[in-house]
1. Considering only residues that are on the phi < 0 side of the Ramachandran plot, polar (S, T, N, Q) and touching a residue at least 24 places away in the same chain (Cβ under 8 Å), look in region 452-475 and name the one that is surrounded by the most Cβ atoms within 10 Å (Cβ to Cβ).
2. Taking region 185-199 as the search range and keeping residues that are among the hydrophobic types (A, V, I, L, M, F, W, C) and either more than 11 Å from Gly170 (Cβ to Cβ) or touching a helix residue (DSSP H, G or I) at 6+ places or on another chain (Cβ under 7 Å) (or both), which one is surrounded by the most Cβ atoms within 10 Å (Cβ to Cβ)?
3. Would you call Tyr308 modelled with pLDDT under 70 and either within 27 Å of the chain's Cα centre (by Cα) or farther than 25 Å from Tyr253 by Cβ (or both)?
4. Of all residues in region 253-278, count the ones that are surrounded by 16 or more Cβ atoms within 10 Å (Cβ to Cβ) and closer than 19 Å to Pro243 by Cβ.
5. If I filter region 26-68 down to residues being among the charged types (D, E, K, R) and not in a helix (DSSP H, G or I), which single residue comes out as surrounded by the most Cβ atoms within 10 Å (Cβ to Cβ)?
6. Would a scan of region 479-489 turn up a residue that is without any contact (Cβ under 8 Å) to a residue 12 or more places away in the chain and either over 25 Å from Lys570 (Cα atoms) or crowded, with 21+ Cβ neighbours inside 10 Å (or both)?
7. Being surrounded by 19 or more Cβ atoms within 10 Å (Cβ to Cβ), part of a helix (DSSP H, G or I) and at pLDDT below 85 is the requirement here; does Leu138 meet it?
8. For region 1-25, which positions are at pLDDT 75 or above, of a type outside the set (D, E, K, R) and not in a helix (DSSP H, G or I)?
Amino acid sequence: MVLPPLPDFHALAVLGLTTVALFLFSRRKTPLETSSLLILLALTVGFELFPYQTGGKIFQAVDFFYGFGNEALIAVCALMIAGQGILRTGSLDPLGRLLARVWKKSPSISFLLTLIIGAFISAFINNVPVVVLLLPVLISVSLKTDSPASSILMPMGFSTLLGGTATTIGTSTNLLVVAVASEMGLKRIEMFDFVLPATIAGGIGIFYLWQIAPRIIPKIEITLTDSSPRIFTAHLEVTEGSPLEGSPLSRAYELSDGAMKVSAIERGEGKPIYLHPGAILQAGDHLVINDTPDQLKEFERILHGTLYPVGSVVPYDAKHPFEATDQQIVEIVIYQGSPLNGTTLKKYHFTERTGMTPLAIHRSGKKLKRYLDKISDIKLELGDILLVQGPRQKISELKQNTKVLVLDSTMDLPYSRKAHLAMGIMLGIILTAAFGVLPIAISATCGALFMILTQCINWRDATRALNVQVILIVVTSLALGKAMIITGGADFLGKLFVLISGNAPAAVCISGLMLLMAVFTNIISNNATAVIGTPIALSIAQQLNLQPEPFVLAVLFGANMSFATPMAYKTNLLVMNAGEYSFTDFLKVGTPLVVIMWITLSILLPMIYL
């Protein structure tokens, strides 16, 4: 075996820096943002101090910053903003309620349906909001069915990773591989070009997650915690046109899947009626309910009611009290010396003074003596906690008010009336890119702008959606890939790979490359693995005189096999925290899935593309 000649000093330095990058990216004590910026600056400073000549010209070190304007990064950022619009408007909430309802009838089929739906949505939307949506649904199901949540949370998280491999916009990893390959001269890979092998392999993977994974996952008794466990007493008014108008009380129980508990019904001020499941409700009736803040707001959305009794307070906007965007709910406590202690909200003119609407009240360890009273008429006591709603600005002002104490439990409310609009915008992004009307970078940016112009999100939401870690790792990975290409480092590694593989068939080379990427992605960043691996893949294909597509896809699929370790992907960490899994649990369940996907795709890629 004769080793290929060593490349020049710059190529060796880049390969050494790449090794350092892989080491830094695998260290959990060093923030990924810091490691990325360090590598990026090392490249630029090094090439500036030691100029490199290529094609008869001096390479400009500042060109390594081109990643900040790369279309892949633009697309990733725009898709993050558009995904935030889906999350912020609660567009996927009806899906969560549907899954929870279906689960009662057939847990096994519902589990399979959850895995398929999670994978399908993740092919077009970042899987983080999908996992955030499904986690509470599955935990709630586990409580109601008395089954361990640990058996279903990890498979759900992995299913979203499988779905993300099916399209070019499924993950930032896919976008990066496509972008780098395109820059190196490969014909641009379109959105659904590799959906066939992804779907076949993903289908086999989902069967494993459905039938086998739950049997090998340890039964973990998770300690469920609630960030806002206080139970509040509230009035929910039946409004005109509500699905409850003219229906029996049992209809409310049915629509809320039995989650809502009504302690009384009031028809007219201070006039209770008989509490019975068959009681016919009328517009204007008040249902007295007791639950947590998020559940109260969920009941309000499902039943199309309102949590403030009409006439009990004067809202800050009498015509459209809750239509303003940027709404939040917050808890405030009545403390010693507060002017609210010993008086009522009506006498204090709370709404007029603060611009906030009271929704419910919590009195620790006590039952309200007059639970039918409107919230504004209840005499407040020391230690009472009020649940109030209003615009973010009003809540900020309330926090500066020394007359009340605002607890650190603020919760953003979804702009639910914009849900259909946000979903329409996301579909527009997907369809215009899928049919080649616009490149994904342009269609996603247009979609992000439409999300803001239509007030599905505001600029604050948009900036919060952007992830600095993702941005820096993308830019640094692109810079490393460019450095490896121009210095010949990628070509050297390609020759080395071909030399090691000997005269092995092309299918074996593709399989070996994919396995190498799968190992890397579970140790370092999947984005770094993808961008570093792509130029190597193209070099291997060129030396073997074969079509480059299967080699590039081997990198893409291998870099997405982030199943074996919790730090391989951010959704793994979310699932690990919720299910209280250990590192060993991920190895036990994720490693077989990596092997299944590797073997399946090792067969499919050569069969389809060679």
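The values are calculated or read from the model by the stated rules, or taken from the named source; none is laboratory data. The model shown is predicted, which means the values in this text are computed figures rather than measured ones. Don't worry about glycine lacking a Cβ; one is built from the backbone with ideal geometry, like all the others, and counts go over all protein chains shown.
1. The qualifying residue surrounded by the most Cβ atoms within 10 Å (Cβ to Cβ) is Asn467.
2. Taking the candidates together, the pick is Phe194.
3. Details: modelled with pLDDT under 70: yes; either within 27 Å of the chain's Cα centre (by Cα) or farther than 25 Å from Tyr253 by Cβ (or both): no.
Judged against the criteria, Tyr308 is not a match.
4. The qualifying residues number 5.
5. By that ranking, first place goes to Arg27.
6. Just the residues of region 479-489 that are without any contact (Cβ under 8 Å) to a residue 12 or more places away in the chain, to begin with: none.
No, region 479-489 contains no residue that is without any contact (Cβ under 8 Å) to a residue 12 or more places away in the chain and either over 25 Å from Lys570 (Cα atoms) or crowded, with 21+ Cβ neighbours inside 10 Å (or both).
7. Yes.
8. Once the filter is applied, which keeps residues that are at pLDDT 75 or above, of a type outside the set (D, E, K, R) and not in a helix (DSSP H, G or I), region 1-25 yields Pro5, Leu6, Pro7.
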